[in-house]
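The values are calculated or read from the model by the stated rules, or taken from the named source; none is laboratory data. Since the structure is predicted, the reported quantities are computational estimates derived from the model, not experimental observations. In this analysis, Cβ positions are derived from the backbone assuming ideal geometry, glycine residues included, and neighbour counts consider all displayed protein chains. Accessible surface areas use protein heavy atoms only, side chains included; no ligands, DNA or RNA. Shrake-Rupley method; radii C 1.70, N 1.55, O 1.52, S 1.80 Å.
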Amino acid sequence: MKGVLTYIHRDFVKWIRYRVGLVSALVLPAAWLLFVGLALPVQFTGNYLDFITPGILVMTILTTGISSGSLLMFDKILGYLNKFLAMPVPRESILVSKILFITVRGIIQTTIILIIAVLIGATILNPAQYGLTYLILFLFGVFISAFSTTVALYLDDHDSFAAFTAMVTMPLFFTSSALMPYDVMPGWLRAIARVNPLSFAIDAIREVGTGTIPVLSITMLALFAAVVVVISGHVFRKVTV
């Protein structure tokens, strides 16, 4: 555990020093809240800001997690990974620390976005509802960061990884239930959105907002996260042999 915390501390120091990246990661979700959540005229919901906020929170985790898989790639390219592997700590500590760091970083960013949403008019929930919301975001963060890290382990250069993230991020977001409910979607989009992992997280947060505990959605997200973490661990051991 000490090794995991040490690696996480290293990544947090690097992140805090990179102030431009820290701020830029918040610009897109904040813009969605302001220019879409407040300005878009819609007929299917009374408070569109309340409807879209769960989608923006999940999008923040998505963009943070899917792009941050490159952290392990850079360590491999720059030679740090080999040095870490030679240290007297379990090898899996490296992978676990990356997944947890990416997830916690995403949680911090979603907290800022959530505060902005409340300031501009989103409904304030009770502490238990926020606790469940953070649980859902954490599980989704583990899932997406483990997935991104697995892809980064397979790819050999940053350009390929950047192309992959650009190809995946927006299609995943736009084919989810982030922007509109299922009953106003075209049939083909509804079918895709129903099986989109983002929709599981978004719908779960919306259920929490109505006072429901989304046991099935939380269970599914935990299962997704566990499966992808196991796969990521297998790939990591194979790559670092």
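Tell me yes or no: at least one residue of region 82-90 is at pLDDT 90 or above and touching a Phe, Trp or Tyr at 6+ places or on another chain (Cβ under 9 Å).
No: zero hits.
Using the structure shown, decide if I124 is free of Cβ contacts under 8 Å to residues at least 24 places away in the same chain and outside any helix (DSSP H, G or I).
Yes: the conditions hold for I124.
May I ask you to list pairs of residues, at least six apart or on different chains, whose Cβ atoms are under 6 Å apart, with the first in region 173-188 being in a helix (DSSP H, G or I) and the second being basic (K, R) and surrounded by 13 or more Cβ atoms within 10 Å (Cβ to Cβ)?
Cβ pairs passing all conditions: Y182/R190.
Taking into account only those residues within region 172-192 that are of a type in the set (A, V, I, L, M) and within 22 Å of T64 (Cβ to Cβ), which is surrounded by the most Cβ atoms within 10 Å (Cβ to Cβ)?
That would be A178.
Just for region 194-224: of the residues that are part of a helix (DSSP H, G or I) and among the hydroxyl-bearing types (S, T, Y), which one is least open to solvent (accessible area, probe 1.4 Å)?
Residue satisfying both the conditions and the ranking: S199.
Given the residues V227, V235, which is the only one that is surrounded by fewer than 19 Cβ atoms within 10 Å (Cβ to Cβ), hydrophobic (A, V, I, L, M, F, W, C), over 25 Å from A128 (Cβ atoms) and without any contact (Cβ under 8 Å) to a residue 24 or more places away in the chain?
Exactly one residue qualifies, and that residue is V227.
Taking into account only those residues within region 140-163 that are aromatic (F, W, Y) and open to solvent by less than 40 Å² (accessible area, probe 1.4 Å), which is farthest from S97 (Cα to Cα)?
So the residue we want is F161.
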